[in-house]
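Shown next, in structure tokens, is the structure this report addresses.
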Amino acid sequence: MSLLTDFDQRNAATLGRELHQFAADLFPICRSITGDGIRRTLAMVGDRIALQIHEVPSGTPVFDWTVPREWNIRDAYIKGPDGERLVDFKKCNLHVVNYSTPVRSTMPFRELKTHLFTIPDRPDWIPYRTSYYKEDWGFCLSHRQMLALKDLDYEVCIDSSLENGHLTYGECYLPGHSADEILISCHACHPSLANDNLSGLAVATFLARFLSGRDLRYSYRFLFIPGTIGAITWLARNHQTAARVRHGLVLTCIGDSGGFHYKKSRRGNAEIDRAVGHVLRHTSEPSEILDFSPSGYDERQYCSPGFNLPVGCLMRSVWGTFPEYHTSADNLEFIRPAQLAGSLRVCASVLDVLENNRRYRNLAPYGEPQLGRRNLYGSPGGGGNGLEIPARLWVLNLSDGAYSLLDIAERSGIAFPVISDAAAILCQSGLLSPVSDEDAPANPPAEASRSEGSSGRQTIAGR
Amino acid sequence: MSLLTDFDQRNAATLGRELHQFAADLFPICRSITGDGIRRTLAMVGDRIALQIHEVPSGTPVFDWTVPREWNIRDAYIKGPDGERLVDFKKCNLHVVNYSTPVRSTMPFRELKTHLFTIPDRPDWIPYRTSYYKEDWGFCLSHRQMLALKDLDYEVCIDSSLENGHLTYGECYLPGHSADEILISCHACHPSLANDNLSGLAVATFLARFLSGRDLRYSYRFLFIPGTIGAITWLARNHQTAARVRHGLVLTCIGDSGGFHYKKSRRGNAEIDRAVGHVLRHTSEPSEILDFSPSGYDERQYCSPGFNLPVGCLMRSVWGTFPEYHTSADNLEFIRPAQLAGSLRVCASVLDVLENNRRYRNLAPYGEPQLGRRNLYGSPGGGGNGLEIPARLWVLNLSDGAYSLLDIAERSGIAFPVISDAAAILCQSGLLSPVSDEDAPANPPAEASRSEGSSGRQTIAGR
Amino acid sequence: MSLLTDFDQRNAATLGRELHQFAADLFPICRSITGDGIRRTLAMVGDRIALQIHEVPSGTPVFDWTVPREWNIRDAYIKGPDGERLVDFKKCNLHVVNYSTPVRSTMPFRELKTHLFTIPDRPDWIPYRTSYYKEDWGFCLSHRQMLALKDLDYEVCIDSSLENGHLTYGECYLPGHSADEILISCHACHPSLANDNLSGLAVATFLARFLSGRDLRYSYRFLFIPGTIGAITWLARNHQTAARVRHGLVLTCIGDSGGFHYKKSRRGNAEIDRAVGHVLRHTSEPSEILDFSPSGYDERQYCSPGFNLPVGCLMRSVWGTFPEYHTSADNLEFIRPAQLAGSLRVCASVLDVLENNRRYRNLAPYGEPQLGRRNLYGSPGGGGNGLEIPARLWVLNLSDGAYSLLDIAERSGIAFPVISDAAAILCQSGLLSPVSDEDAPANPPAEASRSEGSSGRQTIAGR
């Protein structure tokens, strides 16, 4: 059955507001790749879906990496000589370089300055900086703030801790008929940044909630993980599970007002690549398909050569290419309810393709079956845009057991749901029958299929 | 030998006039998918070529369909209160909905109106309508005629019969050296419509006449059949013959002033698809290649998945896309002698490719043979446009037993007849030898072909 | 190691001057496909590189051809009634039709005229003509010179000889680690023509000199041969050696100011075709890739179907398409030092690709290895244009044993030397290991490579 039918009965505007509200609730938390920020975030995700929380001890080797020490922070500031907090972590958690080691000192401006980061071109924005794997500390502030600092002594405090602890991630597993899995991965390690991180987190959460309790073909695994080290940790702990991933998506930067961008998996023509490409071609919003490259988000881990999983990355604006990226301008105004809802719908459409993409066999393959006497030659009107009859003819013509419905949708140019509906109606009419996944090999030679059928219908023809 | 050489000795203008005259002779007959109209039509085709007539009884199951009852009509009209024939079948047989059940009644305009069909946008044209598989009756008339009708009682008569009888079709079989067949199919079921039907019928007839008595590589089968049910009936009765079809063309709408359109077979890259594509690329008239779709004429039956025959459809204007389609404006002025002759020549060019498309082996494959001492390096002038020498070099270079002449024509961009002539001349010179069809497999690896030849020429090289 | 690094330490301007000077030294010699002109030319090449000279007797059968008699010329002229040399071989050796038979006679202008060749459109240029395989004689002169001749008697002398002798060619073989060969071929049979012939001759000589004494992966064979008959002769005498040619280039017309043109081998996607295509895409000069055709220079012999060697042809302006081609305007001004040096560098770049194009295996293929702790995540600055890190990520991501470095360069769009350097650095870091040529098959299935590695890293993941 179509996931979309059910999905589209929901109110998009309401969904958009809920998605945005969830992002807004998560926004203030100071997340990092370890620590209580990500724990609190996962707890809020866990209020909405069945989430299993994993804690991996610092020092655990994960492939070529090691789980780092856990970082937590309570407060941080730069105080002027008059004791006023000139830069205050409590006002914006981007002010502290993420993973800063503890500092408590008074120092002259010229020394402090080497620890300050600004964006001169965007004098009101605060940059986002991290120092995960090199012990250091620093403050990020607007360029305007920095220009206001004078050649005085400042009191500097970073009340953080970097100690043995754990790396935390969340996993939501929804079992389906098949043990084959669809992987949806988002990173949950960015502090107060809305598009880069929270948009993906919100859409993934709502997608998991939408699928929960449904009768599913595939099993689904949603990962809410810290970027890079989280994906590597999950892969290291789930080497065999990874082999069951048939399709996957990394979701990031998916709430801004830009058109869609889909970065293909390393394989380049995996079913997920074709499914997303098809859905985007039939979406009214602008979209662009990008080739795989080994830069990006966690798809670079899933697509590393030892795994080479069919995992692509769905975005709106591409990370690193919009000025708000990794700055305080990537805030709750930068992501929009309608865009979040639109992204969720695209995800549901892609899953609808994957769930329903099967091969069928036309049971009346000699000539065109007489649709008229089955009342299949008249259009029911409605959603198919007059394409119901062409869709039936395409499905009948190409359903030789080798073409999948996605193949048919691609070749016909007709949107997958219309093709999928046509297949359902033809099955009901007894003209079509699904081919079991085991029996669907590569294209059988035309000669073979013809002579096979030939004997079956010979009595009819023999006169 | 080239079919075209002989073909081009005929006078195109004369041919065009003869084709048009044949269409004009057939035009008045009221054809349908059964009945005396198609019988009389086939008799006139049979005056020109050796045609075998088949009669298939009503009620015969043919795959998913059943041969319908036979329809015949003698007269039909709508008379006004003054007894004047306001709509008269004898003036134009499109006036009656084809397959109308008998009616003899007087009825008020408001009742009659539900049985009337017009084209409001084209107030002077009469539409063409059928009701083959649903018992009904009706009249087609110009919108202007209908507007002249008043709120009066009208006498309505359709003197037709719908009774057990036969479905009739014609078949012309021309044996060639091979039992493999080329299928040429046209429908013969439309009444007074010129482009849609008669153009294809006339070109097919003349093509069969042109081929009759010739020394042919392939066997040819020309089908003159009612649309859809005729193709299905033929396929049901000739399941094994169908398996011998190596190439095929459906001809329709091939006499108007538009450029050529070729709709590819379901296979998409069958030899017929490549041959027509090549011929059209080298034709001075504009042309367009269309992908296969399961809407159209009888190619949809030949390309149904149980058969998947390599059969495409050659047209000028595409059915359904020109306003005259299925109206009284598709008349003898709409088709033109020069266009009919041009279409016939394109068909002959395509058959010339298929007849002569073989693989050859260069018998002096090591380096270029010395053409000069064989007087093959000078151009004979004439038809080759200075391409004779390049054509010889291409044929020599690519004739490794794997490339066919069509492959060579495509790769070189040189028209097939020039390539074919080059092959003939090189064969005469002893530089080239045809490869028997059995010995022409897929591309042999370069290494294999090189070492094979290596031993053969070693004595020459060994010094 | 990179050939280019070493190459680029040379001074391009100096190289250009040396190349041009070598062409200038060779320019005055009257070469032909046999005779002392080509012998003297090869001797001068032999002053620079280790050249083996071959002499093949007249009358030797070579495949479909026969080695012709040897032609030599001492003097030729047309004298006017006053004894003045009006056309003088000693002033320009193009004045005599190459391979002219001896003549010593006085004849009226109207008889002489049938032996004169000019270019009316270019009245100051002398054409270049040959009559190798048909005994004849003639003079080439400027159109202006001919117009000055009057209806008088002229003394005509061609002091040439056409006698049994030898065909001469030179071969420079540079052994490498592999017996597989790279063939570089140029023709050495044109008299005073600079671009067509001397440019290729000079670049090939310098390329051979540059490679001499180096530690090479492939063995190299440079051929300095008369066009057509020389290539055929070499092939006929080296049938088995030819089978060892893995890559090859014909060099011709490579010194003028035009952009590069590369004509692909008959195979069309041989490694040489891809290597040249890649190098030209990353060259600042304009360039164009041409499909193979059986017209051209000696690639037509190497690519004849019995050999089908992967040999392309590198040019700047394409022979036959520039007005100076085969005229006295193809002189030492027409070729330029900078262009000759640029062509030499492109050749070296292509050989650098071929020498270094190997497959590697990422030894940390599960997730991305942690480049930071190896100091591989910072850019060394310099030649990579900021592409060093992306190049490392690409090499790591695609080095699954199936992708070659050229595959990676093509897919990433990053120039081969940057990719090759990245591979070298990653090898030093222990992250990458070359795959022996025997172990590099076609793309292994992703499943296979994944499970193979799976057991190897299982202990790390198992917790």
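Considering only segment C:46-60, I want to know if a residue exists there that is in contact (Cβ under 8 Å) with a residue 60 or more places away in the chain, more than 22 Å from C:Y173 (Cα to Cα), surrounded by 15 or more Cβ atoms within 10 Å (Cβ to Cβ) and hydrophobic (A, V, I, L, M, F, W, C).
no
Considering only segment A:216-259, state which residues are farther than 24 Å from A:L26 by Cβ, without any contact (Cβ under 8 Å) to a residue 60 or more places away in the chain and away from chain C (no Cβ under 12 Å).
Residues satisfying the conditions are A:S219, A:G259.
Considering only residues of segment B:296-322 that are hydroxyl-bearing (S, T, Y) and more than 16 Å from the chain's Cα centre (by Cα), which is modelled with the lowest pLDDT?
B:T321
Which one is farthest from the chain's Cα centre (by Cα) among residues in segment B:243-255 that are crowded, with 23+ Cβ neighbours inside 10 Å and in a loop (DSSP other than H, G, I, E, B)?
Taking the candidates together, the pick is B:G255.
Would you say B:A43 is aliphatic (A, V, I, L, M) and without any contact (Cβ under 8 Å) to a residue 12 or more places away in the chain?
Spelling it out, B:A43 is indeed aliphatic (A, V, I, L, M) and without any contact (Cβ under 8 Å) to a residue 12 or more places away in the chain.
Pick from B:V311, B:V353: which is within 14 Å of chain A (Cβ to nearest Cβ) and closer than 22 Å to B:F210 by Cα?
B:V311
Kindly establish whether B:I408 is more than 14 Å from chain A (Cβ to nearest Cβ) and more than 30 Å from B:I225 (Cβ to Cβ).
yes
Mind listing just one residue for me: the one in segment A:51-61 that is touching a helix residue (DSSP H, G or I) at 6+ places or on another chain (Cβ under 8 Å) and farther than 15 Å from A:I33 by Cα and, of those, nearest to the other protein chains (Cβ to nearest Cβ)?
A:P61
What pairs can you find where one residue is in segment B:358-371 and more than 7 Å from chain C (Cβ to nearest Cβ), the other is among the β-branched types (V, I, T) and part of a loop (DSSP other than H, G, I, E, B), and their Cβ atoms are less than 7 Å apart, with a gap of 6+ or different chains?
Here the result reads B:R359/B:V435; B:Y360/B:V435; B:R361/B:V435, each pair linking segment B:358-371 to a residue that is among the β-branched types (V, I, T) and part of a loop (DSSP other than H, G, I, E, B).
What number of residues within segment B:154-169 satisfy the criterion of being touching a Gly at 6+ places or on another chain (Cβ under 7 Å) and closer than 21 Å to B:R48 by Cα?
So the count comes out to 1.
Report yes if B:L216 is at pLDDT 95 or above, part of a loop (DSSP other than H, G, I, E, B), hydrophobic (A, V, I, L, M, F, W, C) and surrounded by fewer than 24 Cβ atoms within 10 Å (Cβ to Cβ), otherwise no.
Considered against the rule, which asks whether it is at pLDDT 95 or above, part of a loop (DSSP other than H, G, I, E, B), hydrophobic (A, V, I, L, M, F, W, C) and surrounded by fewer than 24 Cβ atoms within 10 Å (Cβ to Cβ), B:L216 comes out as yes.
Looking at (1) within 14 Å of chain B (Cβ to nearest Cβ); (2) among the hydrophobic types (A, V, I, L, M, F, W, C); (3) in contact with a Cys (Cβ under 9 Å, 6 or more places away or on another chain); (4) surrounded by 21 or more Cβ atoms within 10 Å (Cβ to Cβ), can you tell me which one C:A270 breaks?
All conditions are met except number (3).
Does B:R221 satisfy being within 25 Å of B:I254 (Cβ to Cβ), assigned to a loop (DSSP other than H, G, I, E, B) and not small (G, A, S)?
No.
Of the numbered conditions (1) without any contact (Cβ under 8 Å) to a residue 12 or more places away in the chain; (2) within 14 Å of another protein chain (Cβ to nearest Cβ), C:E84 fails exactly one; give the number of that condition.
C:E84 satisfies every listed condition except (2).
Mind checking which residues of segment A:10-39 are surrounded by fewer than 16 Cβ atoms within 10 Å (Cβ to Cβ) and without any contact (Cβ under 8 Å) to a residue 60 or more places away in the chain?
Matches in segment A:10-39: A:R10, A:N11, A:T14, A:Q21, A:D25.
Take C:L332 and tell me if it is within 14 Å of another protein chain (Cβ to nearest Cβ) and either touching a Phe, Trp or Tyr at 6+ places or on another chain (Cβ under 7 Å) or at pLDDT 95 or above (or both).
no
Go through segment B:278-292 and give me each residue that's of a type in the set (A, V, I, L, M) and surrounded by fewer than 17 Cβ atoms within 10 Å (Cβ to Cβ).
B:I289, B:L290
If only one of A:A275, A:A338 is surrounded by 21 or more Cβ atoms within 10 Å (Cβ to Cβ), touching a residue at least 12 places away in the same chain (Cβ under 8 Å) and more than 25 Å from C:E368 (Cα to Cα), which one is it?
A:A275 is the lone residue from the list that is surrounded by 21 or more Cβ atoms within 10 Å (Cβ to Cβ), touching a residue at least 12 places away in the same chain (Cβ under 8 Å) and more than 25 Å from C:E368 (Cα to Cα).
Checking A:Q240 against (1) at pLDDT 95 or above; (2) of a type outside the set (A, V, I, L, M); (3) under 27 Å from C:S399 (Cβ atoms), only one condition comes out false. Which one?
A:Q240 satisfies every listed condition except (1).
Which of the strands (runs of 3 or more DSSP E) found entirely inside segment A:4-101 contain at least 3 residues meeting this: of a type in the set (A, V, I, L, M, F, W, C) and more than 27 Å from the chain's Cα centre (by Cα)?
Passing ranges, in order: A:70-79.
The values are calculated or read from the model by the stated rules, or taken from the named source; none is laboratory data. Only a predicted model underlies this, so the values are computations on that prediction, with no experimental measurement involved. Using ideal geometry, Cβ is built from the backbone for each residue, glycine included, and neighbour counts are taken over all protein chains shown.
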